[in-house]
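Structure first, then comments.
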Amino acid sequence: MDFWKLVRPHVVVVLLFLVLAMVYFAPALDGKEIHQGDVEKFMGMSQELREYYQKEGKSSAWTGSMFSGMPAYTIGVWGGTVNLLDVVERPFKALGSKDIGVVFMAMLCCYLLLLLMGAKIPVAVLGAIAFSFSSYSIIILEAGHITKAWAMAYMPLVFAGFWLVLKRNYLWGGSLFAFALALQIKSNHVQITYYLTLFCFIVFVGYALSYLRERAWRPLVCTFSALFVAVVLAALCNLGNLYANYESSHESIRGKSELSHAVDGKTDKSGGLDKDYAFAWSYGVGETFTLLIPDFYGGASGGTLDCDSHLAKAMQAQGFQAPSPLRTATYWGDQPFTSGPVYFGAIVCFLFVLALWLVRNPLKWWIFGAVVFFICLSWGRNFDGFNTFLFHYLPYYNKFRTVSMALVVPQLAFVILAVWGLVEIFQKGISWEKLRRPLLYSLYITGGVCLLFMVLTPFDFSSASDAHLGVPDWYLSALREDRAGLMRADALRSLFFVLAAVACIYGFVKNRESKMAKYLPWTLVFFVLLDLWLVDRRYLNKDNFVAKNTYTQVYRATPADKIILKDPDLSYRVLSLNNPFNESHIPYFHKSIGGYSAAKLRRYQELIDLKIMPEIQAVGQSFKSGRLESIQESFKSAPVLDMLNMRYLVFDPSQAPVVNPYAYGNAWFVKEVRMVENADEEMSVAGTGGKDIAWVDQRFADVIRGKSLKTDSLAEVVLTAYKPNSLEYVYRSAEPGVLVFSEVYYPHGWKAFVDGEPVPHFRTNWILRGMEVPAGEHRVEFRFEPDAYFTARIISTVTSAILLLVFAGLLARGLVWGKWS
């Protein structure tokens, strides 16, 4: 009975969290789902892999449906050995892996963290709601960034274990840290884990310095050892994913180029992503005010205005009928586009500032320093000197893009400090005399900022992208007035919530002994929830939900698709002229020259930039003639597309595709092998020489015994079997020779066989595979068997089982015998 009395309030809180998540995502309970752009793209990217697994029950770590072939690690590998941590997530994902479940998990994790940090129930509930309903957490769900959402949900739980270790509870803290970190790494969003690691490192430095000042060597060693062992365990539980990401970091666009200069002619010093690409989504310095005032920069790209807006009235004055709601470019910040602002909540920002005065623990300054650091990271190119230095010299930082994502750490840190300050007020009985000045100073800072932007609007509210809107001056003038209005309205709104928080705190401290006092913390919880809920509804509401079969309706075969699908050949490639390298429709139905992926192979991306795009542009020009013969003739001048076996070109999906009569096919014998000295030379000659010459880097010289070849004019090679991870060919030739295969060369995992015997193969023509073959009739087979990856997955299975058993044992020990240390 005593145990039930102890846990009953927490059970009520858990039910409250579940109700909040269900109410927010209520349409999901009616069988609908959020229309998420990235999920839609994922369906197209992964169709070949899912279909293969459903038909044959086998997994493939390679897909041939995008970019002429690429590893499937970053898309999804169905089947194979499992990570047993799936058992932990299954109940939550059953609630809704893309909506209810992930928000519910985030609230639970943050609630547990704040309880462990000493907060009582209402204060911990406030923090859990503030973290989980912060606008970015909701906006990424609308966009379909599901792995990011789950990685963020586990952030508080990881920090909870970390915190316990710092408090010298090594057994439980280390176990919880390993368990939570394993779950977060399993989400497979390395960038979020990277940011959280940096945050923990900064906090650890603060603790380590205090240990060193006290000469407390033993606790410092114990703390470091517990954290180290936990990190190793968490990594081993996810060794498959980590290995795949490590491999990808070298071979994808996140790896170092072999060319002596970048595509734009600049020296590539980072060995990672192109800096301009990585910094494209840089948060504006002024845009940081959105943490306090949501529509400070106009909200989302393509925001809405009502019929009373300046723009609507201007349109009516010009004789146009303004639609309601009126969608237009309300956002005027530095990012290319955005689904909405990063808003922490006016009350949370106020409480964060207040905590800087109230909290006496010096650790607060390390957390504050981390907040400043990550905000500076989010500015990217807008704080160029600082961020360029880190981009080139901070380990692995150049592997990540969208630097505005760094604000996920301040999102958690604001909540931690805000709750820490509330503990001083609601639980430790701070007197009004000690609270009065900090409360007023915090009001002056946060409320003063809101008041300033209510009264003054020291901006012209123009955007660099306004010139591309193609609208008259009167339209832009009215739009800028509306942007100013959005700022003023939300500044007033935030001021109201700051004043509401001040009133709740003042009422509590002044009436601490009254019956009313116990309700004021819950009143503050209500205001935090109301504030964030209303802002979140601007960006994700019932209008974002669609019927569950929507994605299958999106991928309906067009007339062009239906014609192509009649082709009986096992493998050929298709190119769409409609944004070919940022679309997933063609990969859903065919093997594509293009596709949609942020982890495409660097060699292939460089081939796109330097060879494929110029060829596409030249072919596109031929469409101006309107003559099929001219279009097909242009393929003669597209040798790279030809060697990639591009058989069909889709210009208009409603019309028949254009057939490329010059496509080289799946494989061919060459007449000559020529060696090149380096990557620059290899790229320059790629595609030249047609089907007669194989250009090979000198690093593969040992694999090719003969450079001068005797050719059999009657030799032939045929693809006889195709699977994503297995290809079989039969060839006949009276002479030994060199075969070139129209398949992407990848150095990790592809194995070649002739008549079942393993043989070496090499890279040729920059991106393709080549092989020396003997005379006669033989069978050639390629199999993708990345042994290191498969071994890593087995280790993950075993280690995750051990970690689950250890964690379950410790939990039972605590519940039965009450031993939590």
Subject >> For the range 496-543 and the range 709-727, distance of Cα centres in Å >> reply: 71 Å
Subject >> Segment D692-D384, length gained on full extension (0.36 nm per residue, minus Cα span) >> reply: 106.0 nm
Subject >> Where the Cα pairs of the range 32-91 fall when distances are cut into 5 Å bins, in % >> reply: 4, 16, 21, 21, 21, 13, 3, 0
Original post:
Got a number for the accessible area of L209? Probe 1.4 Å, square angstrom, nearest 10.
Top reply: 70 Å²
**OP:** Give the ranking of L440, L649, L534, L709 by solvent-accessible surface, highest area first, calculated with a 1.4 Å probe.
**Re:** L534, L440, L709, L649
Subject >> Förster-model FRET efficiency, 41 Å R0, A618 and N678, C-beta, rounded to 0.05 >> reply: 0.90
Original post:
Under the definition of Cα pairs under 8 Å and six or more residues apart, what whole-number percent is the relative contact order of the chain?
Top reply: 16 percent
Original post:
Give me the Kirkwood hydrodynamic radius of the range 599-745 in Å, from all C-alpha pairs, to one decimal place?
Top reply: 17.0 Å
Original post:
Based on the alpha carbon coordinates of the range 686-775, what radius of gyration and maximum Cα-Cα distance (Dmax) apply, in Å?
Top reply: 12.8, 34
Original post:
Which order do T74, T388, T223 take when ranked by solvent-accessible area (1.4 Å probe, heavy atoms of all protein chains), largest first?
Top reply: T74, T388, T223
Subject >> Between the range 325-347 and the range 627-645, the alpha-carbon center distance in angstrom >> reply: 44 Å
Original post:
In whole Å, what is the distance between the alpha-carbon centres of the range 751-808 and the range 26-47?
Top reply: 33 Å
**OP:** Restricting things to alpha carbons, find the Rg to Rh ratio for the range 323-375 using the Kirkwood radius for Rh.
**Re:** 1.20
**OP:** Assign one of three labels to the range 558-635, namely rounded, prolate or oblate, based on the Cα gyration tensor with a ≥ b ≥ c the square roots of its eigenvalues; rounded applies when a/c is under 1.5, prolate when it is not and a/b is larger than b/c, and oblate otherwise.
**Re:** oblate
Original post:
What is the percent of Cα-Cα separations in the range 443-528 that go past 19 Å?
Top reply: 56 percent
**OP:** Please report, in whole Å, how far the alpha carbons of the range 439-478 spread along each principal axis, starting with the longest.
**Re:** 49, 16, 10
**OP:** If a/c stays under 1.5 just call it rounded; otherwise compare a/b with b/c (prolate if a/b is bigger, oblate if not). Do that for the range 661-706, with a ≥ b ≥ c from the square roots of the Cα gyration tensor eigenvalues.
**Re:** oblate
Subject >> Accessible area (Å², 1.4 Å probe, nearest 10) - W533 >> reply: 50 Å²
Original post:
What number in nm² do you get for the range 468-620 if you take the convex hull of its Cα atoms and divide its surface by four?
Top reply: 18.0 nm²
**OP:** Restrict the search to the range 400-441; then list the trypsin sites (Lys or Arg not before Pro) that DSSP places in a loop and that have at most 11 other Cβ atoms within 10 Å of their Cβ.
**Re:** K428
**OP:** Considering only protein heavy atoms, with the full assembly of protein chains and a 1.4 angstrom probe, order K120, K611 by accessible area, largest first.
**Re:** K120, K611
Original post:
For the peptides 665-671, 798-804, what is the packing order when you average, over each peptide's residues, the other Cβ atoms within 10 Å and list the highest mean first?
Top reply: 665-671, 798-804
Original post:
Looking only at Cα atoms, what is the convex hull volume of the range 134-244 per residue, in Å³?
Top reply: 94 Å³
Subject >> By average C-beta atoms within 10 angstrom, highest first, the peptides 417-424, 750-757, 732-739 >> reply: 417-424, 732-739, 750-757
Original post:
With a ≥ b ≥ c the root eigenvalues of the C-alpha gyration tensor of the range 121-180, is it rounded (a/c under 1.5), prolate (a/b larger than b/c) or oblate?
Top reply: oblate
Subject >> Antiparallel %, DSSP beta bridges [both residues in the range 639-720], to 5 >> reply: 40 percent
**OP:** Note down the accessible area of H10, probe 1.4 Å, to the nearest 10 Å².
**Re:** 60 Å²
Subject >> Carbon plus sulfur fraction of accessible area for the chain, probe 1.4 Å, in percent >> reply: 60 percent
Original post:
Could you give the length gained on full extension between Y441 and S260, defined as 0.36 nm per residue of separation minus the Cα-Cα distance, in nm?
Top reply: 59.6 nm
**OP:** In vacuum, with every alpha carbon of the range 1-147 counted as one equal point scatterer, what does the Debye formula give for log10 I(q)/I(0) at q = 0.17, 0.18, 0.21 Å⁻¹? Two decimals, please.
**Re:** -1.05, -1.11, -1.30
**OP:** Sticking to Cα atoms, compute the Rg of the range 366-431 to one decimal and its Dmax as the biggest Cα-Cα distance, whole number, in Å.
**Re:** 15.8, 50
Subject >> Mean shadow area of the chain, taken as a quarter of the surface of its Cα convex hull (nm²) >> reply: 39.9 nm²
**OP:** Send over the semi-axes of the range 388-509's equivalent ellipsoid, whole angstrom and largest first, taken as the square roots of 5 times the C-alpha gyration tensor eigenvalues.
**Re:** 37, 27, 10
**OP:** Please list the helices of the chain that count as membrane-span-like by this rule: a mean Kyte-Doolittle hydropathy of at least -0.5 together with Cα atoms stretching 27 Å or more along the helix axis, each helix being a complete DSSP H run.
**Re:** 2-24, 190-214, 217-237, 473-510, 520-539, 787-817
Subject >> DSSP-defined beta bridges in the chain - what % are antiparallel, rounded to 5 >> reply: 80 percent
Subject >> For the range 413-459, alpha-carbon Rg over 2.2 N^0.38 Å >> reply: 1.48
Subject >> Computed Rg/Rh of the range 277-393, alpha carbon atoms with Kirkwood Rh >> reply: 1.13
Subject >> Debye intensity ratio in log₁₀ form over the Cα atoms of the range 197-242, taken at each q of 0.22, 0.23, 0.24, 0.30 Å⁻¹ >> reply: -0.79, -0.83, -0.87, -1.05
**OP:** Taking 7 Å along the Cα-to-C-beta vector as the label spot, tell me the E785-T197 distance in nanometres, rounded to one decimal.
**Re:** 3.2 nm
Subject >> Value at 222 nm in deg cm²/dmol, rounded to 500, when DSSP H runs of n ≥ 4 in the chain each add -39,500 (n - 2.57) >> reply: -16000 deg cm²/dmol
Original post:
Two-decimal Rg/Rh of the range 595-676 from alpha-carbon positions, Kirkwood Rh?
Top reply: 1.00
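The values are calculated or read from the model by the stated rules, or taken from the named source; none is laboratory data. All figures in this text were calculated on a predicted structure; none of them were measured in a lab. Cβ coordinates were reconstructed from backbone atoms using ideal geometry, including for glycine residues, and neighbour counts include every protein chain displayed. When the accessible area is computed, the model is the full protein with side chains, heavy atoms only, and any ligands, DNA or RNA have been set aside. Shrake-Rupley method; radii C 1.70, N 1.55, O 1.52, S 1.80 Å.
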